[in-house]
Amino acid sequence: MKGKSTFLLGMLLCSSLGFSSGAFAENQAASPSTKLVTLGTVAGPFPMKNRAQNSNLIVVNDQSYVFDAGDGAARRLAQAEIPLKDIGTIFVSHHHDDHTAGLATLMSVAWDSKRTEPINVYGPKGTRQLVETAVQYSNPSAILRIEDGGRSIPIQKIFRGHDAEPGLVYEDKNVKVYAAENTHFDFHKNKTEYDQSFSYRVETPDRVIAITSDTGPNPATEKLAQGADFLVAELNSVQARKQILIDSGQWDSHTPEEKERIMQQASQGHLSPKDVGELATRAKVKTVILTHLTPKFNSDDYTAEALEVRKHYNGPVIVAQDLDTFF
């Protein structure tokens with residue numbers, strides 16, 4: 001399966017507005033070295049037949065970086081012809097399973113492909129526990145694989161989870177990755193140890209990519225997105241979220257209090273098309289890529305939502321398909 005709308009940006013000098021150091025600004029590549037692939041483009045928690053759950057891949061100088069790994073991420077990486085053993089760095093935005101359900105499979109297959117170097121997973125508080133739990137889930141199979149003769153290194157020695165803090169999360173010769181704590185969980189009445197969610201900014205030698213992940217409107221994400229070449233933004237519809245619960249027969253099984261909290265989460269913890277357009281305009285981004293699409297049982301048409309974004313933003317707006325590629 002190939003993406004339907006590969007999008008090429010001409011060489012543009014990015015303005016990081018305080019995020020980027022001089023090193024990246026002074027070493028602009030002669031031709032684009034950065035590739036963004038929208039691996040999975042639908043929001044959860046329900047699996048959909050035509051789209052995998054949320055995941056994005058950024059490739060810089062042939063080095064791969066994965067941002068979130070919802071259900072189907074490993075298969076989409078295979079379809080993108082990215083060897084899973086080459087995945088060395090993964091970033092998690094938060095711990096809803098439509099962003100993490102594919103992580104254990106991705107990790108296990110990377111190990112099974114004879115990965116020997118560490119794979120580091122960065123994210124909000126709880127990420128270290130998430131990785132340790134994923135390793136435990138994969139360990140029975142790993143023990144059997146070792147006895148089968150295919151592997152010798154225990155799977156526990158390969159994977160490392162890191163609870164990151166907002167700010168500069170990761171840096172190597174290809175990328176600088178910044179995190180900002182967003183407002184996805186701000187409406188929660190009873191705070192838990194997992195109530196932290198990140199938006200990410202990725203600076204490469206020739207591109208700036210901002211990923212909102214799941215969030216309500218907030219100044220931190222807006223600051224993070226300033227001047228980005230690509231704003232990879234979630235696209236949320238409160239009514240569509242309610243409708244899929246009605247269509248699946250779940251809505252009537254909820255108590256009035258549960259219904260109130262569901263609608264509160266849908267309206268306060270996510271970005272509406274209007275929110276996305278206003279964010280893109282204020283942050284002066286060059287292109288908006290819509291993903292984490294609210295699922296629809298009987299349609300895959302998001303034209304109306306994209307047109308609503310365009311009412312509030314003058315630049316290009318693209319509704320991503322799985323495996324779309326942007327340069």
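We did not get these values from a lab; they are worked out from the coordinates using the rules stated. As the structure is a prediction and not an experimental result, all values here were calculated from the model. Glycine gets a Cβ as well: all are built from the backbone with ideal geometry, and neighbour counts include every protein chain shown.
For this structure, a couple of remarks:
- Volume per residue of the C-alpha convex hull in the chain, rounded to whole Å³: 133
- Selected from Asn50, Asn190, Asn298 as most flexible by GNM, with the chain as the system and alpha-carbon contacts under 10 Å: Asn190
- Dipole magnitude for region 40-116: computed about the Cα centre from +1 point charges on Lys and Arg Cβ and -1 point charges on Asp and Glu Cβ, it is near 160 debye.
- Computed over region 146-301: relative contact order in percent, which uses C-alpha pairs under 8 Å that are six or more apart: 22
- Loop-located trypsin sites (Lys or Arg not before Pro) in region 175-226 whose Cβ has at most 12 other Cβ within 10 Å (DSSP): Lys189, Lys191
- When the chain is treated as a GNM with alpha-carbon contacts under 10 Å, the residue of Glu308, Glu234, Glu81 showing the greatest mean-square fluctuation is Glu81.
- Note on region 209-281: Kirkwood radius taken over Cα pairs, Stokes-Einstein applied at 25 °C and 0.890 mPa s, translational D equal to 183 µm² s⁻¹.
- Summing Lys and Arg as +1 and Asp and Glu as -1 over all other residues whose Cβ lies under 12 Å from the Cβ of Glu181 gives a net charge of -1.
- Phi angles across region 149-164 convert, under the Karplus curve 6.51 cos²θ - 1.76 cosθ + 1.60 with θ = phi - 60°, into 3J(HN,Hα) values of x, x, 9, 10, 7, x, 5, 5, 7, 9, 9, 9, x, 10, 7, 8 Hz, Gly and Pro given as x.
- ³J(HN,Hα), Karplus 6.51/-1.76/1.60, whole Hz, each residue of region 140-148, x for Gly, Pro: x, 5, 4, 4, 5, 4, 4, 5, 5
- Estimated 222 nm signal from helices in the chain, with DSSP H stretches of n ≥ 4 weighted -39500 (n - 2.57), rounded to 500: -8500 deg cm²/dmol
- Low-density loop cleavage sites - trypsin sites (Lys or Arg not before Pro) in region 258-315, where at most 16 other Cβ are within 10 Å (DSSP): Lys284, Lys296, Lys311
- The relative contact order of region 22-326 comes to 18 percent, based on Cα pairs under 8 Å that sit 6 or more residues apart.
- J(HN,Hα) series, region 60-75, from Karplus relation 6.51 cos²θ - 1.76 cosθ + 1.60, nearest Hz, glycine and proline x: 10, 6, 6, 9, 9, 10, 9, 10, 6, 8, x, 4, x, 4, 5, 5
- Total formal charge among the other residues, if their Cβ is under 14 angstrom from that of Glu260, Lys/Arg +1 and Asp/Glu -1: +3
- Cβ-placed point charges (K, R +1; D, E -1), dipole of the chain about Cα centre in debye, nearest 20: 420
- Highest-fluctuation residue, Pro256, Pro295, Pro316 considered, GNM on the chain with Cα pairs under 10 Å: Pro256
- Point-to-point label distance, Gln239-Ile146, nm (Cα→Cβ direction, 7 Å offset): 5.6
- For region 37-145: rounded, prolate or oblate by the Cα gyration tensor [a/c cutoff 1.5]: rounded
- Proximal aspartates and glutamates to Lys189, defined as alpha-carbon separation beneath 15 angstrom and excluding residues fewer than eight positions away on the same chain: Glu257, Glu258, Glu260
- Shape of region 257-327, Cα gyration tensor, a/c cut at 1.5: oblate
- Averaging the Cα positions of each part gives two centres, and for region 250-310 and region 58-101 these lie 23 Å apart.
- Candidate lysines for bridging to Lys157, where Cα separation is under 20 Å - those fewer than 8 sequence places away on the same chain excluded: Lys85, Lys114
- Taking a straight line from the alpha carbon of Lys223, these lysines sit under 17 Å away, with near neighbours fewer than eight places off in the same chain left out: Lys176, Lys284, Lys286.
- Taking a sphere under 10 Å around the Cβ of Gln63 and counting the other residues whose Cβ falls inside, with K and R at +1 and D and E at -1, yields a net charge of -2.
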